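Following: one structure in structure tokens, then a few remarks.
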Amino acid sequence: MSESLKQRVGRLVAGGFNALVDAVENAAPEAVMEQAIREVDTATAEVRKELGVVEAQRHLTAKRLAEDNKRHDELSDQARLAMQEGRDDLAETAVSRQIDLEAQIPVLESRLADLADEKARLEGYINALKAKKREMREALDSFRQSQRQASQSAGQGDGTGSAGADHRAERATAAFDRVFSRQTGLAGASGASTSEESKLAELEELARKNRIQERLARLKSDDS
């Protein structure tokens, strides 16, 4: 895996998503979040591509190692046969070739181990990037939800719906009361509480009924 790609993956995985959004105050946060997610997708695709190369190299190296080990065993049998036939020259050639293979086989084994480690590292990077993408998606969903909630709250504050109408009426009444009090020195129309207003209305109705009874009593007195 190239060093630049390692650094890129490390930056993406270690970087704070919220800090990224906060750093671009003049940009649309949602667009920045989506761009960051696309960058993670791009990096993941590049890592997968490199993983494919490593897998191919592992296959070729393992195949070459198996072939060399098999050839080494075959040369042992051939050298033994040559000695039995009195062909020391042929046995020497077989042994010489074996020595060359014995020098190469450990290198192939080391290369195969390195490729296995590289494969594990790349798979780890992919898993880390996938986890980071899930984290970013959750953050983006949370951001969108908070935007919707903020929009709804703003709508209610601006008079949208019955709650907004009530709030607007309360503000208008309060403003009227302030102007009325400033101009007349008297309490505003909404100065009494709801409980007081109810009792005053009940008292007025009681007085009205009393006046009705008094008038009926006078009528009866006039008729008598």
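The values are calculated or read from the model by the stated rules, or taken from the named source; none is laboratory data. Nothing here was measured: the structure is a model prediction, and the numbers come from that model. Note: ideal-geometry Cβ built from the backbone for every residue, glycine included; neighbour counts use all protein chains shown.
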Inset, instruction - Confirm whether Leu112 is in contact with an Asp or Glu (Cβ under 7 Å, 6 or more places away or on another chain) and assigned by TED's automatic domain parsing to the domain that holds Val40. - result: no
Legend entry - Pairs, first within 21 Å of Arg38 (Cα to Cα) in region 140-157, second at pLDDT below 75, C-beta under 9 Å, six or more apart: Leu140/Phe17; Leu140/Glu30; Phe143/Val21; Phe143/Pro29; Phe143/Glu30; Arg144/Glu30
Legend entry - Flag if Ile126 is in the same structural domain as Arg8 (by TED's automatic domain parsing), touching a His at 6+ places or on another chain (Cβ under 8 Å) and hydrophobic (A, V, I, L, M, F, W, C): no
Legend entry - Yes/no for Ala79 being hydrophobic (A, V, I, L, M, F, W, C) and either farther than 30 Å from Arg8 by Cα or touching a residue at least 40 places away in the same chain (Cβ under 8 Å) (or both): yes
Legend entry - Output for region 78-120, where each listed residue is surrounded by 16 or more Cβ atoms within 10 Å (Cβ to Cβ) and either within 24 Å of the chain's Cα centre (by Cα) or among the polar types (S, T, N, Q) (or both): Gln78, Gln98
